[in-house]
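Have a look at the structure below before the remarks.
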Amino acid sequence: MTAYRTATAAAVAVAAPLLLATWAAGPAQAHGAPTYPVSRVAACSPEGGSLIRTAACKAAIAANGAPFTAWDNLRVAGVNGRDRQVIPDGQLCSGGLAAYKGLDLARADWPSTRLTPGGTFTLTYSSTIPHTGTFKLYLTKPGYDPARPLKWSDLPAQPFATATDPALVNGAYRIKATLPSDRTGRQMLYTIWQNSSTTDTYYSCSDVVMSGGRATPTPTRQAGTSAEGAQETTAPAEQEPTPTPTKASPSPTTASPTPATTSQAEATAPDHLAPAADSTSGGSSAALPLIAGGTAALLLTAGAAVSLRRRR
């Protein structure tokens, strides 16, 4: 009997850490999306704060038939650089995925970010785990009509900026780039992230307004208000991002070509999507799998203890 109890205790001791490791690995299934300039999928996700209540997001969710809970998982496997051959015209924002079809709605009132033609900006791509790969940034051609479905012919043949293997710092990739100087009004910032560590390619649409156009007011949550009762305010055109205290981190990766220093107007991403050391993925905290795993381990240990007491 003593030998049996010893064997049972040893089995529990081995199984508990393994289960803990399995649940803790949960965040590795999550990926990322741009939070500045805010992407459609991030704005219209449950983590998008008050942006999810905009008319465009409501229409996108209705067309989709479900909320964009997996906002960080818009990816297509096996593209291998053949983006224009694999992703159909009119489906660039969804990556051709039925689960994200609401993002392809052609309308001019999507949540948008104001940028300056010819100015510099820093793309913030929120993520949970590091991947190697290349980011390619495109800005729609002059004359782009947001009331029509986005097509490949709306984008230049070459990106205006690229960045390969930037560092993942405090939950985000940050890529500094210089915008084309000949765009005005509403445009689409289209981001392609082709992984080299996996077979996946990620696609993102961020609506932007260049100087001379009118941005859709970006609702922000005032301190002390709930999500349901939050007051909506319009971000100033020349608002600078509010610094978030973090550990010292490297400067943002500079995309090729190297941008010149120019004044810029940047808005703050929704609170729930702001990158942090323990950034969220798909609405789930990275700490939750650890808690779940720890709880499971404790339950296993307690069960074993009860079993031992009954056999004495």
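The numbers here are math on the coordinates, done by the rules we state, and not lab data. Being a predicted model, the structure only gives us computed values, none of them experimental. Virtual Cβ from ideal backbone geometry, glycine too; neighbours counted across all protein chains shown.
Among 134, 178, what is the fewest-to-most ranking by other Cβ atoms within 10 Å? Please report the intermediate quantities before stating the final value.
Details: 134 17, 178 20.
Fewest-to-most ranking of 134, 178: 134, 178.
Based on the mean of other beta carbon atoms within 10 Å per residue, what is the order of 148-154, 116-122, most packed first? The partial results should precede the final answer.
On the way: 148-154: 15.7, 116-122: 18.9.
Top of the packing list down: 116-122, 148-154.
Which FRET efficiency value, to the nearest 0.05, do you get for residue 182 and residue 109 by plugging their Cβ-Cβ distance into 1/(1 + (r/R0)^6) with R0 = 35 Å? Intermediate results must be reported in sequence, preceding the final value.
Values: r = 24 Å, r/R0 = 0.70.
Efficiency at R0 = 35 Å is approximately 0.90.
Could you please rank 114, 40, placing first whichever residue has the fewest other Cβ atoms within 10 Å of its Cβ? Please report the intermediate quantities before stating the final value.
On the way: 114 23, 40 32.
Fewest to most other Cβ atoms nearby, the residues stand as 114, 40.
What is the calculated FRET efficiency for residue 62 to residue 148, with r their C-beta to C-beta distance and R₀ = 22 Å, to the nearest 0.05? Don't skip to the end; give the middle numbers.
On the way: r = 20 Å, r/R0 = 0.92.
With R0 = 22 Å, the Cβ-Cβ based efficiency is 0.60.
For 186, 82, what ranking results if the residue with the fewest other Cβ atoms within 10 Å of its Cβ goes first? Working shown, then result.
Numbers: 186 22, 82 10.
In order of increasing Cβ crowding within 10 Å: 82, 186.
Find how much the distance from residue 53 to residue 132 grows on full extension, using 0.36 nm per residue of separation minus their present alpha carbon separation; answer in nm with one decimal.
Values: separation 79, 0.36 × 79 = 28.44 nm, distance 3.44 nm.
Additional length available on full extension: 25.0 nm.
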